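Each remark here refers to the structure printed beneath this line.
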Amino acid sequence: MPLPRWVDIILLPVLNVTLAFIIGGIVVLIVGENPIEAVRIMLYGAFGYGYGFGFTLYYTTNFIFAGLAVAVAFHGGLFNIGGEGQAYVGGLGAILVALAVGGLHWAFALPLIMIASAFFAGAWAFIPGYLQAKRGSHVVITTIMMNFIATSMMSYIISRILKPENINSDESARIADVTRVPFLSEWIPLLRNTPVNISFILAILALVGVYVLIWHTKFGYALRTMGHNGTAARYAGMSNAKLIMATMAISGALVGMVAVNDTAGAHGRLILGYVAGTGFVGIAVAFMGKAHPIGVGLSALLFGVLYQGGQELAFTMPAITREMIVTIQALVILFTGAMSNMLRRPVEFAFLAARHRQEPDPVAQEKGA
Amino acid sequence: DPALVYDGGGKFDASFNEAAYNGAELFKTETGQDYQDLEITGDAQREQAIRQFAARGNNPIVLPGFSWETALRAVAPDFPDTSFLIIDTVVDDIENVRSVVFKEHEGSYLVGALAAMATESGTIGFIPAFDFSLLQAFGCGYKQGAAYVNPDIEVIETAIGTGFDAFNNPGGGTEVARSQIDRGADVIYHAAGGAGVGVLQAAADAGVLGIGVDSNQNHLHPGQVLTSMLKRVDVAVYNAFEDFANDEWTNDVQVLGLAEDGVGAAFDDNNADLITDEMRATVDDITAKIISGEIVVHDYREDESCPV
Amino acid sequence: MEDIISILITTVRVSTPLILACLAGLYSERAGIVDIGLEGKLLGSAFGAAVVASVTGNVWLGLLAGIGVSLMFSAVHGLASINFRGNQIISGVALNFLASGLTVFLGAAWFGRGGNTPALSGGARFYGIELPFAGELAGVPILGPIYSGLLSGHTILTYLAFLAVPLTAWVLWRTRFGLRLRAVGENPKALDTAGMSVTVLRYKALAITAVLVGMGGAYLSTAQAASFSREMSSGRGYIALAALIFAKWKPYPALGACLLFGFLEAMQYRLQGVDLPLIGPVPTQAMQALPYILTILLLAGFVGRAIAPKASGQPYVKER
Amino acid sequence: MDTHTENVQRPAPAAETSLAIELKKINKSFGPVHANRDIDLAVTRGTVHGIVGENGAGKSTLMSILYGFYHADSGEIVVNGRPVIIHNSSDALALGIGMVHQHFMLVDNFTVIENVILGAEDSALLRPSVEKARRELQRLADDYGLNVPVDALVQDLSVGQQQRVEILKALYRGADILILDEPTGVLTPAEADHLFKVLKTLRDEGKTIILITHKLREIMAITDTVSVMRQGQMVESLVTSETNPEQLAELMVGRRVLLRVHKEEARPGDVLLDVNDLVVTDDAGTERLKGVSLKVRAGEILGVAGVAGNGQSELLECLAGMRAARSGTISVNGHDVTAVNEDSAAMLRRNGLAHVPEDRIRMGLVTNFFEWENAILGYHENYGNGLMLDVKAARAEAQRHIEKFDIRPANADLKTANFSGGNQQKIVLAREMERDPDVLIVGQPTRGVDIGAIEFIHNQIIKMRDAGKAILLVSVELDEIRSLSDRIVVLFDGQIVGEADPATADEGALGLLMAGVRAGEKANSTESSQ
Ligand SMILES: Nc1ncnc2c1ncn2[C@@H]1O[C@H](COP(=O)(O)OP(=O)(O)OP(=O)(O)O)[C@@H](O)[C@H]1O
Ligand SMILES: Nc1ncnc2c1ncn2[C@@H]1O[C@H](COP(=O)(O)OP(=O)(O)OP(=O)(O)O)[C@@H](O)[C@H]1O
Ligand SMILES: [Mg+2]
Ligand SMILES: [Mg+2]
C-alpha cells in the first residue's frame, strides 16, 4: 500500500524518533531524572544559544561527510565500514599540506588541504576497493582490517614523526592561524568560540554534490546499476572493477573531509585518535538517511543534536552520563533505522481507514458499473 | 564551586583520572564543599567543557592531562578571573593558570629498582597501554632503576594496543602479561590504566608480581602486587581546591618529583611481606640520591630516547 | 620449542572468544541474518556475566546471565530484522551502540566505578582446568609441553569453544536442523513452500548465536580477565565477523581463521621490540599492524571470492 | 501451531463428489493490484486441467493460494469435497497438494536428495531420511522415468532436471493433486514430451493435475479441461476437446490473435556478423564453445537451435562482449570486436550491435530502477554531455518506447519490478531495437511471455529483418526458431552440428541434430540429452 510521500519521509521518521525518545525517557526516569526536562535541556543545548548551536553544526558537519561516504558506497552495493580509518589517514594528508604551506592564506590553502585529505583518505579506501575488484576480497573484512592498520600506522607517524619535541601530547605541530580553515564565527559572531568552520558549508555542498553525482551523472547511473545488479552492469558495458575502485575512492575522499573539518579546522593540528568514532556513526547516519542526501543531512543533524544536546545534558543533569547519550543514540538508530516498519503497519492502517471513509471502495464501484 | 573535567579515559580509569577524582572527593568529605565534574567524549568537547564551566562561574577549574593544553590556551585568556590547574604539562605564559607536572621517571626508577631486587629470573616486564611518549617516560625510568640495581637485567616491553582504546582492554593486558610471564618475566610493571587491571590479575594468577601505577593498587591483589608507582594527582587536585578555598592560589609551575613527594613507591600492609628490609633500605638510599642530585634520572620526553 | 609452545598457548586463549563469536555468527548468517552486532553482544554478555558473577559469587550464574543478555539482544535483532523486515546492518549497529552505552551506564549506576565491575575472585571466576596426569607428564619431552602446557590448563569455556566446532559441523551437515538452517539462508522460499516457518527457524538460529556469543562474552570478563571494563570487547566481534567471511561460513575453516588471528596476535606480542634478522628493530606499531596486514594479504592472495549464503542480509518478504 | 486437526489428516474423498478441487469466490489483492477476483474453479479427480491466461492474469496467484503460500482475502477452498482452511504450505502438503512453482523453489547448492527431503525429514538426524529418500527416488525413477543424479548439486543440473527435482519433491510427499506452473517454459521439446508422458502416467494412476501454460499446443495435447483467466477473473472453463487454440487465444486476450507468423522472403545482403572459429570457456574453465563459425547477413534471421546448455548462453554472452573468447574472432560490420574487457559490451554497442539477453531479470534489467532508467541501460553515455546524465532526454526516450511498443502501464516512473513479465520483455526489446542497430542478437525473446505479447514481439523481429538488419536468434523453442528464422544452425556440445532450411526441415530431423546426431549419421544416442 503506497503511503503518501510525506508520510514516508516525514511522519514515520518523526514517530520513530519520538518512540526512541520515549524509551530513552523511561531509562532517564529510572535514574530518577525528569525526562521532559531532559529533552528540553537537550534541545536547548543544541539550538537554544549560539554556542551550543555552533557545536551542533560542527558535529553535523562530520556526520554528513561520514554518512555520505557510506551512502555513496552503498549505492554501488559496497559496504564501507572503513570510514574511521580513512578519515584518520585523511588527517595525515591535511596536516602535511597545511604545515607545508604554513603561512599561506586559507583561501589558497583550503583547496590544497581538501585535495590532500581527499587523496589520502581516498587512497586508503582505494586499497580495499582494488582488492575487491581484482582479487575478490570482501570489502567488509578489508576495510575493518584497514581501520586497525590505520590506527597503528597513524600512531607511529604521529608520535614518532609529526610530534614536535616541545609538546607533551601526541599530536602534530599547530597549523598557522592564517592557513587554518576559518571558523564561521569570523563572520557570524553568534557562533563565537565554536569549532564550526567553513567545512560546514562544504558539507552542505557535498550533500548537493552527492545528490547530483548519484542521480544526475552518468557515473552515478552506472554506480547504481552496479549496486542493484552487477550482471546488468556488465551487460550494459560498465566495468564493475573500475566502478568499485572509483566508488571506494570517492567514498574515502568524502570521509576524508572530516580531516578538513577537524584537523585543519576545529583542532588546527593532527591529534592521536582524533576521529573518535565519527566513521562508525557515519554508518548509522547513512542507513537512517536511506542513503539519500536529504536523509543523510537530516540524520546527521539528528546525531549532531544528540551529541551536543547530550553534552549539555551531562553538564546539567549529572546523573545522566555520556553513556546515557550513547544509549539514546542506539535507540534512535534502532527505531528509525532497523524497526522503522514497526509503526508502518499501524500508520498504513490508519490511512486506509481514513481513505475508506472518504471515498467508496474502488473495486465495489467498478463492480457496480 | 570548583570543577574537575576528566581526560579521555574517564573518571574511573583505576589510575590517573581516578586519582584526580579521589583528591576531589577527599576535599569534599573534609570540607563539605561540593564540586562539579564532567567526562568528555571527544577532543572537540575540551574547549567547550572548560568554557561552559568558566561561564557558569565554576572556580577553580582543574584539568588533569596534557591534552587539555590547547583548549586551555584558547579559553583561559577569556576568563581572567577564573583560576585553572593543568596537570602533566606546563602552561606558564598565561596569567591565571597553575601547572603541575610530575617526574614519573623518578617514581618509576624506584619501582624499577624494586623489581630488579625482587626478580628471581632476572627478567622483568613493562607493559604500556600503547607506544606513546608519556608512557615511555614511565618505562624509561623503570629500566634505569632496574639497571641501577642489576646492569644485566632483562626488561621486556610489550604494548597492548595502538591507541587510547588500549587503556580499556584488560583482556589484552592479561594476554600481554601472560606472554611476558611465559618468557620468564616475574615482575611486571604496567602503565595501562584500566587495562592494567588485567595485567595485575594475570600476574597474581600466575604467582608472579605486578607493579601498579598512579594510584596505590597494592590492595587489588594483596601479596601479589610488589608496589605501586604513586603519582599524586590526588594531592595536586586536593591542594588546588584547598588553596583556592583558603585564598592561597598561586599561578605557578609545580614540578613534583621524589623531593616533593609527588611521586613514589607505595608501601603498605598489602606488600609488607614482599619488601625486605634490604629492599627498603636501597629504595631509601636511591631516593636520597635522586633528591640530592647524585642520581639523575633521564626523562624520555626530553629527547624522545632512553639511555638504557 | 618452549617459545613456540608459549606462543601457541597464547594463541589458544586469544582465539577462544573469537571462535565462540565466529561460530555464533555462522549460525545467524547461515540462517540469512547478518549479525554485525556480535561486537555488542560480546560486550553486553561480558557485562551481564561479570555483574551476576560478582553479585552472586557464582560464575555459572554469571555465564547464564551473559547468555541471557545476548539472548535479549538477539530477540531485538530478530524483532527488527525478521518481524519488521528492517535492515539487519542498522539493527546490528544499533545493538553495538546500545551495548557500549548501556553497560557503562548501568555499571556506573550499580557499582559506581565508571562502568567497571568489581574484581572477581573465588567462585566468581573461571579457572584453568588441569587435565588428568598433566602434572605427571609435564616433564616428558615433547609430549610434556604439548599436553601439560598447551592442552591442559585452560578454562572450561575454551574447551567448550573448541568442542563447538565439530559439534557445529555435525549439526550443519548431519542433522535436520542443519539442513533447514542452511536452506533458510540460501533460499527461504524453498523452506516456506516446503511447509516450514522461516520466522521460527531464524529465531532458533539467533538463539544459538546468542548462546555461543554469550559464552564468548562471559569468557572475556570471567575467564580471561576478572572483571568487566568498558569497551572490553575491543573489536573482537568485528574480527570474528572477518574470520567468518574468511572461512566462507564453514565451521572448520572458521576455527582455522580464528586460530590464525589468535596466532598472529600472539606473535605480535612476542615480536614487539625484537630485532628482526636483516631488518633490525621494527617499530612496535608495525608489529601490531602485522596481523591485519597478513590477513589482507592472505585474503587477496589465496582465499579469493567469498560467497555469502544467498539470502543473508535480506528480509524474507513474500509479496514483492 | 494451531492448525485445525482436520487439515493435518488427509480427509478421505467424500464419495458423492468426483471433484478434487473446488475454489469458490476467491479474492486476492496485492496492494492496488486485484490479482484474483471472485474466482471459481472446479477440477475433477483424475484429470488434467489446464489454466491459460495472459501474463499477470492471476494464474500463479490462484495456485499459490491453493498451495497455502498466499492467503486469499476471501473465498472458500474445497478439497475432495471438504471445505478446508489452508494456513501454509504444510497444510496443503498434508492435503495431498503439491506444487511445482514457476520459479523453482530449490536450494541451488544442495544436492537433489537434500532438496527432496527438506521439510519432509523423518527424524532429527539426516542419515535415515537420506537413505529412505534414496530408495524412494529410485522407485519414482523406475515408475515414471524421472531420472536425476540424486547426489549432484542442483546448481549443476539443467533446468529440465531441476524441474524433475521439483516434481519428485511433490511426489515424495505423496501429492495426489499436482500443480505445475508453466513447467515447459524452460524445457526443450524433447524434455517437454517426456514431462507430458510422466503427467499422463500420473493421471492414469488417478492423480489430479493442474497445468498452467502459455502454449496452447500443450493445452490441446494433454489437458482434459481448460480454464481461461483474464485480468484477475475467470473467463471461461471448457472441455478441451470442444475448443480450439484460436478460441482460447481470443478468450485470453479479448481479441483475435494471429497464431502464425507472416513474413516475406528474406533478401540477404552483406555479412554483418562474422564469427570465426570461436572457442569459449565458462567460469569453471570448461570449454563450452569448441570452434564455432557462423555468418549472419543483412536482412536475414539466423536461428540457433539446440537443447539448453549446449553453449547457447556462452555464445550469446561472448557475442555480447560479456565473456572473453579463448580464441577466434568476431567481427561486426567489418570491425573486429572480439571481446577483451569487462566493459566490452559498450564497445560492441558502439559498433552497431544490440543484444536482447536470455534472462531479462538477471541481465537485461535492473528491476529496482524506474522504467525510464532501464530504457537507457547500456546507452546511458548517449544521454547528456560530458559527465552529466540528461534525465529529461532519457525520460523522453522511455516515453517513445512506451508508445511504440505499447508498454503497459504507460508510466515511465514506475519501478520495473512492478511491470508484468511480458511488459518487462517489451522494455528490453524496445531499448535494443530502437537503437537501430546493424546486428541484433536475441536470446529467448518470448520466454514466459503470453501469446498476445509473443505475436507482437515476433512481428517486431521480422520488421527489423525487413529493415535490413542481421539478426541472430537463439531459442530453445523449436516452433519459434522455425517460424522466424531464414536459416537454422543447430548447436550441440559447443559445436555447430548442422544447418537446415526452416521451410524444408522437419521436426524429426532437427530433433536428431539437436541430440548430436550429424546429418547422415545413424541415430544411436538420442537419449543423451535426458
Ligand atoms: N507488485 C506490484 N505492485 C504494483 N503494481 C503492480 C505490481 N505488479 C504488477 N503491477 C501492475 O499491475 C498491472 C497488472 O499487471 P499485468 O501483469 O496483469 O499486466 P498485463 O497488461 O497483463 O501485461 P502483459 O500484457 O505483459 O501480460 C500492471 O499495470 C502492473 O504494472
Ligand atoms: N507477491 C506479489 N506481490 C505483489 N504483486 C503481485 C505478487 N504476485 C503477483 N502479483 C501481481 O498480481 C498479478 C497476478 O500475478 P500472477 O503472478 O498471478 O500472474 P500470472 O497469471 O501467473 O502471470 P504469468 O503468466 O506472467 O506468470 C500481477 O499483476 C502481478 O504483478
Ligand atoms: Mg501481463
Ligand atoms: Mg505466473
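Things to note:
- Single match in A:A264, A:A291 (criterion: touching a Lys or Arg at 6+ places or on another chain (Cβ under 7 Å), of a type in the set (A, V, I, L, M) and touching a residue at least 60 places away in the same chain (Cβ under 8 Å)): A:A264
- Of residues in segment D:405-439 being within 15 Å of ligand 3 (Cβ to nearest atom) and of a type in the set (D, E, K, R), the one least open to solvent (accessible area, probe 1.4 Å): D:K426
- Note on segment D:204-218: residues that are farther than 18 Å from D:T61 by Cβ, hydrophobic (A, V, I, L, M, F, W, C) and surrounded by 23 or more Cβ atoms within 10 Å (Cβ to Cβ) amount to 1.
- Restricting segment C:49-100 to residues that are hydroxyl-bearing (S, T, Y) and closer than 21 Å to C:G115 by Cβ, the residue that is surrounded by the most Cβ atoms within 10 Å (Cβ to Cβ) is C:S70.
- Criterion (within 16 Å of the chain's Cα centre (by Cα) and under 30 Å from D:A170 (Cβ atoms)) met by exactly one of C:A225, C:A257, C:A242, C:A205: C:A205
- Filter result (more than 8 Å from chain B (Cβ to nearest Cβ) and under 10 Å from C:A50 (Cα atoms)) within segment C:224-237: C:F228
- C:G301 meets the conditions (1) of a type outside the set (D, E, K, R); (2) part of a helix (DSSP H, G or I); (3) under 30 Å from C:A46 (Cα atoms) in every case but one. The failed one is (3).
- Residue match in segment D:324-335 (condition: away from ligand 1 (no atom under 16 Å from the Cβ), surrounded by fewer than 22 Cβ atoms within 10 Å (Cβ to Cβ) and at the interface with chain A (Cβ under 9 Å from one of its Cβ atoms)): no
- Listed by position, the helices (runs of 4 or more DSSP H) contained in segment D:172-271 that have at least 2 residues being within 16 Å of ligand 2 (Cβ to nearest atom) and away from chain C (no Cβ under 14 Å) are D:216-222, D:245-253.
- Sole exception among (1) of a type in the set (A, V, I, L, M, F, W, C); (2) within 22 Å of B:G42 (Cβ to Cβ); (3) modelled with pLDDT under 95 for A:L3, by number: (2)
- The C-beta contact set for segment D:398-424 (first residue within 14 Å of another protein chain (Cβ to nearest Cβ), second residue within 14 Å of ligand 2 (Cβ to nearest atom) and at pLDDT 90 or above, distance under 6 angstrom, 6+ apart or interchain) comprises D:T416/D:T367; D:A417/D:T367.
- Residue match in segment D:201-209 (condition: free of Cβ contacts under 8 Å to residues at least 24 places away in the same chain and either within 16 Å of ligand 1 (Cβ to nearest atom) or within 20 Å of the chain's Cα centre (by Cα) (or both)): no
- For segment C:213-241, a residue qualifies if it is of a type in the set (A, V, I, L, M, F, W, C), more than 9 Å from C:C22 (Cβ to Cβ) and open to solvent by less than 10 Å² (accessible area, probe 1.4 Å), and the qualifying residues are C:V213, C:A218, C:L220, C:A223, C:A225, C:A226, C:F228, C:M232.
- The set of residues in segment D:384-397 being facing another protein chain (nearest Cβ under 8 Å) and buried (at least 17 other Cβ atoms within 10 Å of the Cβ) consists of D:G384, D:L389.
- All positions within segment C:248-270 that are open to solvent by less than 30 Å² (accessible area, probe 1.4 Å) and among the small types (G, A, S): C:A254, C:A257, C:G262, C:A266
- Where helices (runs of 4 or more DSSP H) fall entirely within segment D:287-382, those with at least 3 residues that are in contact with a strand residue (DSSP E or B) (Cβ under 6 Å, 6 or more places away or on another chain) and closer than 18 Å to D:L472 by Cα are at D:312-319.
- Taking the conditions (1) in contact with a Lys or Arg (Cβ under 7 Å, 6 or more places away or on another chain); (2) on the phi < 0 side of the Ramachandran plot; (3) open to solvent by less than 10 Å² (accessible area, probe 1.4 Å) in turn, D:V442 satisfies each one other than (1).
- D:G50 vs. criteria under 26 Å from the mean Cα position of the chain (by Cα), within 16 Å of ligand 2 (Cβ to nearest atom) and of a type in the set (G, A, S): yes
- Residue list for segment C:271-320, restricted to those being open to solvent by 40 Å² or more (accessible area, probe 1.4 Å), of a type in the set (S, T, Y) and touching a Phe, Trp or Tyr at 6+ places or on another chain (Cβ under 8 Å): C:Y292
- The set of residues from segment A:307-347 being of a type in the set (V, I, T), under 17 Å from the mean Cα position of the chain (by Cα) and more than 8 Å from chain C (Cβ to nearest Cβ) comprises A:V332, A:T336.
- Listed by position, the helices (runs of 4 or more DSSP H) contained in segment B:198-308 that have at least 2 residues being farther than 27 Å from B:D131 by Cα are B:233-245, B:277-292.
- Within segment C:179-203, the set of residues being at the interface with chain D (Cβ under 7 Å from one of its Cβ atoms) and among the β-branched types (V, I, T) comprises just one member, C:T193.
- Filtered residues of segment B:204-224 (kept if within 12 Å of chain C (Cβ to nearest Cβ) and either buried (at least 24 other Cβ atoms within 10 Å of the Cβ) or acidic (D, E) (or both)): B:D205, B:Q217
- Boolean, D:T201 is surrounded by fewer than 19 Cβ atoms within 10 Å (Cβ to Cβ), more than 16 Å from ligand 4 (Cβ to nearest atom) and not charged (D, E, K, R): yes
- Yes/no for A:A100 being under 26 Å from A:V275 (Cα atoms), at pLDDT 90 or above and open to solvent by less than 30 Å² (accessible area, probe 1.4 Å): no
- Filtered residue count, segment D:53-99, keeping only those that are at negative phi and either away from chain C (no Cβ under 12 Å) or within 13 Å of ligand 2 (Cβ to nearest atom) (or both): 27
- The residues of segment D:432-461 that are out of contact with any strand residue (DSSP E or B) (no Cβ under 8 Å at 6 or more places or on another chain) and of a type in the set (A, V, I, L, M), listed by number, are D:V449, D:I451, D:A453, D:I454, D:I457.
- In segment B:85-105, the residue that is nearest to B:Q144 (Cα to Cα) out of those that are β-branched (V, I, T) and not in a loop (DSSP other than H, G, I, E, B) is B:V101.
- Highlighted here are the strands (runs of 3 or more DSSP E) found entirely within segment D:433-506 that include at least 1 residues which are away from ligand 2 (no atom under 16 Å from the Cβ), among the aromatic types (F, W, Y) and under 16 Å from D:L316 (Cα atoms): D:487-492.
The values are calculated or read from the model by the stated rules, or taken from the named source; none is laboratory data. For clarity, every value in this text was computed on a predicted model and none was experimentally measured. All Cβ positions, even for glycine, are placed from backbone atoms using ideal geometry, and neighbour counts span all protein chains on display. Just the protein is used for accessible areas: all its heavy atoms, side chains included, with ligands, DNA and RNA removed. Shrake-Rupley method; radii C 1.70, N 1.55, O 1.52, S 1.80 Å.
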